[in-house]
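Written out below as structure tokens is the structure these notes cover.
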Amino acid sequence: MTNIKLKFRVSKMKDKEGTLFFQVIHARQSKYISTGYKLFINEWDTESASVVIPDREGIRKQYLTGIKKEIENGIIRFNLIIKMLENNKSAYTLDDIVKAYSVQDKSRTLFFFMTDVILNLKTIGKLRLSETYYTTLNSFFRFRNGIDVRLCEIDSDMLVAYEAYLKNTGVCPNSSSFYMRNLRAVYNRAVEKGIILQQYPFKHVYTGIDKTIKRAISLNELRQLKELDFSQNPVCEYARNLFLFSFYTRGMSFVDLAFLKKTDLNCGILFYRRRKTGQLLQIRWEDCMQKIVDRFDTTDSPYLLPIIKTPGVNERNQYISAAHLVNRKLKEIGYQLRLPIPLTMYCARHAWASIAKSKNIPISVISEGMGHESEITTRIYLSSLDNSTIDMANKYILDLL
């Protein structure tokens with residue numbers, strides 16, 4: 001158990017500013033790290049261990065507000081360091097924590113610069129991207145055994161070694177490319193800020209996208225899934241119904257399902273904006289969709305589906321928890337059906353596209369129907385289609401069931 005506390009040391013000289021510092025406690029040992037900030041005694045609240053922000057506007061208020069924000073970021077950095085050390089699944093010491101935090105020239109090291117990027121993304125509401133970058137940072141942290149590296153020291157040899165490390169730990173080429181692309185995006189941010197010069201260190205590592213293994217299930221397998229009796233297993237029924245609803249709505253992603261609101265359904269048309277791309281899509285409401293919704297009780301919720309069970313309370317955590325549960329149950333169902341692939345919510349999206357293609361529906365219709373018009377996986381972009389064409393394609397597929 002590691003604790004981070006903020007402490008204030010009063011100056012020995014009267015009317016002089018005292019010093020703010022962090023107390024890091026780990027394995028019954030403690031160390032102190034100066035924040036580099038100073039306060040007058042009346043600007044410190046001992047009881048709450050926090051900086052006092054005056055009501056009066058002025059330079060001092062701006063200064064103290066900035067200090068408070070930097071301290072909050074410092075605590076977040078400590079927690080990120082501790083989490084990464086714990087994820088490394090090996091024993092770590094108090095010195096390891098302090099060393100990781102006290103790296104000189106922090107803004108020019110990867111761990112601290114990337115942490116700042118992650119914090120900024122969270123601040124502006126880009127939670128998914130911040131989580132993606134954190135996953136990448138955690139991976140590179142393990143590769144480096146927790147030793148930070150200056151951004152200017154990142155070269156092609158280091159990245160080739162990282163790529164080899166990923167391969168040796170069983171990471172597939174697409175996942176390796178995913179990490180590399182994220183690192184490259186952060187590296188390019190540092191270049192844009194003038195922190196380092198562009199040295200193109202990613203030129204010898206793979207950053208493309210390979211064809212993935214089959215994730216679609218067949219029309220016959222989909223029918224079997226639909227006909228399964230889960231009257232004695234409500235959790236599996238819940239997972240199956242969400243899978244079918246995703247298929248019925250042209251492979252809508254789980255995050256978009258989770259945040260669908262009742263107000264998104266108007267005059268027989270379901271409107272939603274894809275969280276991944278921001279694209280606005282509309283789907284004609286079909287009887288099979290209504291039958292799924294009727295199976296759920298969402299009387300006291302603004303949401304169409306019961307994925308966010310307590311609106312307004314840690315909704316993203318609820319969505320993530322529900323996604324894990326549903327995918328776990330779908331895998332159990334897939335095993336029961338003896339499917340050749342692990343069944344997940346993403347399979348609904350692949351199934352819709354695969355079945356549509358097998359029925360000679362134009363690729364351009366599939367592309368627009370799935371909201372892929374700007375994604376690399378579609379690759380075919382034709383002139384915009386009106387929604388009636390897409391709705392006819394969707395109804396044709398649903399009628400096959």
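Odds and ends about this structure:
- Straight-line cross-link reach from LYS5 at under 13 Å between alpha-carbon atoms covers these aspartates and glutamates, not counting any fewer than eight positions away in the same chain: GLU47, GLU72.
- Considering all C-alpha pairs of the stretch 295-368, those separated by over 14 Å amount to 72%.
- Phi-derived couplings, Karplus 6.51 cos²θ - 1.76 cosθ + 1.60 at θ = phi - 60°, listed residue by residue for the stretch 155-169: 10, 5, 5, 5, 6, 5, 5, 5, 4, 5, 4, 4, 5, 5, 8 Hz, with x used for Gly and Pro.
- Between the amide H of GLY18 and those of SER11, LEU39, PHE40, ILE41, distances stay under 5 Å, these residues lying 5 or more places away or on another chain, with hydrogens modeled in the peptide plane.
- The three principal axes of the Cα atoms in the stretch 220-269 give end-to-end lengths of 33, 23, 20 Å, sorted in falling order.
- Whole-Hz couplings from phi, Karplus 6.51/-1.76/1.60, listed for the stretch 30-35; x for Gly and Pro: 9, 9, 10, 10, 5, 7
- Of the trypsin sites (Lys or Arg not before Pro) in the stretch 211-254, those whose Cβ has at most 10 other Cβ within 10 Å and which sit in DSSP loop: LYS211
- Set LYS14/LYS99; LYS226/LYS276; LYS226/LYS262; LYS31/LYS69; LYS167/LYS359; LYS167/LYS193 screened for pairs whose C-alpha atoms are more than 30 Å apart: LYS14/LYS99; LYS167/LYS359; LYS167/LYS193
- Values of log10 I(q)/I(0), in the order q = 0.11, 0.12 Å⁻¹, for the chain under a Debye, Cα-only, solvent-free model: -1.00, -1.10
- With kT/(6 pi eta Rh) evaluated at 25 °C and eta = 0.890 mPa s, and Rh the Kirkwood radius from Cα pairs, the stretch 117-256 diffuses with a coefficient of 133 µm²/s according to Stokes-Einstein.
- Classification of the stretch 96-179 by its C-alpha gyration tensor yields an oblate form. The axis ratio a/c (a ≥ b ≥ c) is 1.5 or more, and b/c is at least a/b.
- Fraction of accessible area attributable to carbon and sulfur, the stretch 176-229 (%, probe 1.4 Å): 49 percent
- Viscosity 1.567 mPa s, temperature 4 °C, Stokes-Einstein D of the stretch 1-110 from Kirkwood C-alpha radius, µm²/s: 85 µm²/s
- Options ASN42, LEU6, SER30, ranked by Cα towards positive dipole end of the chain, top entry (Cβ charges): SER30
- In the context of the full set of protein chains, residues of the stretch 188-308 present 54 Å² of accessible surface per residue (probe radius 1.4 Å, heavy atoms only).
The values are calculated or read from the model by the stated rules, or taken from the named source; none is laboratory data. Every value quoted in this text rests on a predicted model; they were computed, and no experiment measured them. Ideal geometry is used to build each Cβ from the backbone, glycine not excepted, and the neighbour counts take in all protein chains shown. For accessibility, only protein heavy atoms count, side chains too; no ligands or nucleic acids. Shrake-Rupley method; radii C 1.70, N 1.55, O 1.52, S 1.80 Å.
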